[in-house]
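Undergrad: One structure, as structure tokens, below. Some questions next.
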Amino acid sequence: MEHKEEQYLEDLVSKMIKEGGLEKPSVDFTSNLMNEITIQKTVYKPLISKTVWVFIILAFLALGAFLLLNSNQKESLGWFDGMTLSLAECKVSKTVLYATTFMSLLLLLQIPILKNYFDKSLKQ
């Protein structure tokens, strides 16, 4: 019984395909599709907004200024009592200083280069 149903469905599908024929896309289907794809551009939103970056930078600058300005202060700083905040006690060799400065400059140079590279790759 199942064999007859399958045969009937197969004949029905074959007949419908012959009657209806295959649909053919328009001549410029590929170019229209490519235009639609290129029109849809993805807008990327950064994970950390510019205002948050500004806040982080200002917080680090404020912390650095606090440490520099209060390094010789002898009065009580509340919960800072257990910490030594004097930067004058910190001894750094010239090699470490040069290496840190050089690596920082390379990092600052690398950021715009990589940004331009990724911006160009996203535009293509």
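Any read-out appearing in this document is the output of simple, stated calculations on the displayed coordinates, not a laboratory observation. Because the structure is predicted, anything quoted here is derived from the model rather than measured. Don't worry about glycine lacking a Cβ; one is built from the backbone with ideal geometry, like all the others, and counts go over all protein chains shown.
Undergrad: Need the list of lysines near Lys4 for cross-linking: C-alpha distance under 19 angstrom, and skip anything on the same chain fewer than eight residues off.
TA: Here the lysines satisfying the reach criterion relative to Lys4 are Lys15.
Undergrad: List the lysines whose Cα sits under 24 Å from the Cα of Lys123, skipping any in the same chain fewer than 8 residues away.
TA: Lys41, Lys45, Lys50, Lys115
Undergrad: Mind ranking 101-107, 64-70 by how tightly packed they are, going by the mean number of other C-beta atoms within 10 angstrom, highest first?
TA: 64-70, 101-107
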